[in-house]
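Trainee: Before we start, here is the structure in question, set down as structure tokens.
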Amino acid sequence: MTSQPSASLADAGIGVFELTDNTMKSHRANQTGDANQAPAPPPVAPLLVTRKQAAAVLGLKEGTLRTWASLGRGPRYKKLHSGSRAGVRYSVDELRAYAEDPAAYERRRNGL
């Protein structure tokens with residue numbers, strides 16, 4: 001059974017920052033000292049979201065993702081082990097890849 005995402009990242013309250021060619025040109029100009037260019041933000045690390053946000057994006061229940069994680073199925077996740085932010089986080093890139101074609105994602109994940 002394939003699941004279709006029921007919400008976009010924006011619908012789940014997740015803001016996504018994308019580097020465009022213009023921001024990269026601006027970033028390079030700032031590195032060379034061009035005063036006519038506005039400062040560009042630094043490159044962004046992959047966006048990580050909570051299990052609740054991931055479930056909302058994929059149209060699933062949190063418990064489903066938790067069960068899949070224990071079985072080695074579904075989107076890959078990262079465990080955070082420090083302080084109040086400890087827990088599981090999903091990469092937006094992994095969620096997108098899974099949402100596009102869950103069966104193909106599972107085959108790649110399992111090396112088939």
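Trainee: What number of residues in segment 66-102 are in contact (Cβ under 8 Å) with a residue 40 or more places away in the chain, in a strand (DSSP E or B) and surrounded by fewer than 17 Cβ atoms within 10 Å (Cβ to Cβ)?
Mentor: Qualifying residue count, segment 66-102: 0.
Trainee: Something else now. Taking the condition of being surrounded by fewer than 15 Cβ atoms within 10 Å (Cβ to Cβ) and under 21 Å from Arg109 (Cβ atoms), how many residues in segment 42-61 meet it?
Mentor: Selection size over segment 42-61: 3.
Trainee: For a quick check of your reading of the model, give me the residue pairs whose first member lies in segment 53-65 and is assigned by TED's automatic domain parsing to the domain that holds Tyr90 and assigned to a loop (DSSP other than H, G, I, E, B), whose second is at pLDDT below 95 and among the polar types (S, T, N, Q), with beta-carbon atoms closer than 6 Å and at least 6 apart or on different chains.
Mentor: Gly59/Ser3; Gly59/Ser6
The values are calculated or read from the model by the stated rules, or taken from the named source; none is laboratory data. Quantities reported herein were computed from a predicted structural model and do not represent experimental measurements. Cβ sites come from the backbone with ideal geometry, for glycine too, and all protein chains shown count toward neighbours.
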